[in-house]
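Written below as structure tokens is the structure these notes are about.
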Amino acid sequence: QVQLVESGGGLVQAGGSLRLSCAASGRTFSGYVGGWFRQAPGKEREFVAVIERDDRIAYYADSVKGRFTISRDNAKNRVYLQMNSLKPEDTAVYYCAVRLLSASTSVSDFDSWGQGTQVTVSS
């Protein structure tokens with residue numbers, strides 16, 4: 001089992017930037033696919049971005065493509081989400097998650113989750 005802790009959330013004005021960080025511990029992190037999901041009040045948790053184990057391939061939700069960048073540092077056991085040009089509709093709790101095998105955009109495919117970090121974008 002992998003333990004995950006997110007950080008970096010906060011309040012930002014529209015057009016601003018934030019960088020989320022996810023620290024992993026407990027198992028060899030390089031063997032896991034890393035993903036970011038978010039959940040807004042009253043809505044289901046949704047896919048944001050995912051990165052393969054070797055850091056070569058990443059996938060994004062259409063709503064964040066071109067604005068968000070996912071990356072990872074296996075030496076530091078971390079996954080990052082750089083969020084630029086933030087919009088009020090990006091307001092949500094952001095969750096880090098990992099899974100074995102290949103990348104997926106499905107919430108149910110991920111095995112371990114962090115506790116989440118709040119991102120609030122004001123207009």
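The values are calculated or read from the model by the stated rules, or taken from the named source; none is laboratory data. What you see is a predicted model; the values in this text were computed from it and never measured. Reconstructed Cβ throughout: ideal geometry from the backbone, glycine too, with neighbour counts over all protein chains shown. When the accessible area is computed, the model is the full protein with side chains, heavy atoms only, and any ligands, DNA or RNA have been set aside. Shrake-Rupley method; radii C 1.70, N 1.55, O 1.52, S 1.80 Å.
Per residue, the accessible area of the chain comes to 50 Å² when a 1.4 Å probe rolls over the protein heavy atoms. Taking a straight Cα-Cα cut-off under 18 Å and skipping sequence neighbours fewer than 8 places away in the same chain, the aspartates and glutamates within cross-link reach of Lys65 are Glu46, Glu52, Asp55, Glu89, Asp90. Remark: accessible surface ordering of Tyr80, Tyr94, Tyr59 (largest first) is Tyr59, Tyr80, Tyr94, probe radius 1.4 Å. The accessible-area ordering, largest first, of the residues Glu89, Glu46, Glu6 stands as Glu89, Glu46, Glu6, per a 1.4 angstrom probe. Per-residue surface analysis assigns Arg53 an accessible area of about 110 Å², computed on protein heavy atoms at 1.4 Å probe radius. Modelled spin-label separation between Ser108 and Leu11, with each label point placed 7 Å from Cα along the Cα-to-Cβ direction: 3.8 nm. Expressed in Å, the radius of gyration and Dmax of the Cα atoms of the chain are 13.3, 41. When +1 charges are put on Lys and Arg Cβ atoms and -1 charges on Asp and Glu Cβ atoms, the dipole computed for region 1-98 relative to its Cα centre reaches about 160 debye. Here the simple spin-label model places points 7 Å from the Cα toward Cβ, and for Ser123 and Gln39 these points are separated by 2.5 nm.
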